1. If you take the square roots of the eigenvalues of the alpha-carbon gyration tensor of the stretch 86-146 and sort them as a ≥ b ≥ c, do you get rounded (a/c under 1.5), prolate (a/b over b/c) or oblate?
2. Restricting to Cα pairs below 8 Å that are 6+ residues apart, what does the relative contact order work out to for the chain? Please round to a whole percent.
3. For 91, 2, which order do you get if you count the other beta carbons within 10 Å of each Cβ and list the fewest first?
4. Once you have a ≥ b ≥ c as the square roots of the Cα gyration tensor eigenvalues for the stretch 126-190, tell me rounded if a/c is under 1.5, and otherwise prolate or oblate according to whether a/b is larger than b/c.
5. Note the angle between two axes, namely the Cα long axis of helix 197-210 and the longest principal axis of the Cα atoms of the chain, as a number of degrees from 0 to 90, rounded to the nearest 10.
6. Shape verdict for the stretch 40-123, please, from the Cα gyration tensor: rounded (a/c under 1.5), prolate (a/b greater than b/c) or oblate.
7. From Cα pairs below 8 angstrom and at least 6 apart in sequence, can you work out the relative contact order of the stretch 2-124, rounded to a whole percent?
8. Compute the relative contact order of the stretch 108-193 as a whole-number percentage, counting only Cα pairs closer than 8 Å that sit 6 or more residues apart in sequence.
C-alpha cells in the first residue's frame with residue numbers, strides 16, 4: 001500500500017508525480033511512502049510508468065512512453081539505502097516483465113530507451129523494525145529453522161542448525177540487535193519454550209554468548 005496525498009485517501013495502490021512542462025530532462029523530486037506487507041515475495045519490486053501528457057490536442061490525455069522497475073529484495077536481503085540509476089523500457093512483454101529488467105536483453109517484445117543506459121534515478125530509504133538491511137541479521141532470520149523443520153530434524157541435527165543460525169548474531173552490531181529485538185527475541189524464546197531441554201539449554205547459552 002502507498003501512502004496517499006493529504007487531500008485524498010490514506011492509502012492507494014498507485015500514485016502520480018508532478019507533471020513537468022516542456023522539459024526533456026524532467027527533475028523528479030516527489031517523495032513516496034510505501035507501507036510494506038508482513039511477507040515479502042522474492043520478486044517484490046516498485047514499478048514505474050512514464051507518461052507523456054498532452055497539453056494542446058487532448059488536454060490531460062496520458063500516453064505511456066516507458067516503464068522502469070526497482071527490485072526490493074535480493075538473495076534474502078532487503079535493498080540497501082542508496083540512489084539507484086534505472087533503465088527505461090519503451091516496450092515490455094505481458095508476462096515475466098520482472099526478469100526482463102533483470103536480464104536487460106532486448107528482443108521483439110522488449111525495447112529499452114537510450115540503448116538500455118540508465119536514465120531514471122530514484123533514492124530508497126527503509127524505515128522498519130521488521131525488515132532489516134544487515135546481512136548477518138538477515139542470515140539469522142533466513143537460516144533459523146521453523147518448528148516443522150526442527151521436528152523432522154531430530155534433536156542432534158536440530159541443535160546444530162539452531163546453533164548455526166544463532167552464530168550469525170555474533171556479527172550483528174548491538175545497535176541493530178536492539179532495533180530488531182522483538183523479532184530476535186520472538187524466534188529465540190519461542191524455540192526455547194517448545195523444544196526439548198537439551199535444545200533449550202543450547203539456545204539459551206548461544207543467545208547469551210552472542211549478545
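Here, each number is a calculation from the coordinates, and none is a lab measurement. Note that the structure is a prediction, hence the values are computed from the model and not measured. Here Cβ is always computed from backbone atoms with ideal geometry, including for glycine, and neighbour counts include all displayed protein chains.
1. Prolate, since a/c reaches 1.5 and a/b exceeds b/c.
2. 13 percent
3. 2, 91
4. Prolate is the answer for the stretch 126-190, as a/c is 1.5 or above and a/b outweighs b/c.
5. 60 degrees
6. Because a/c hits 1.5 or more and a/b exceeds b/c, the stretch 40-123 counts as prolate.
7. Relative contact order comes out at 18 percent.
8. In percent, rounded to a whole number, it is 33.
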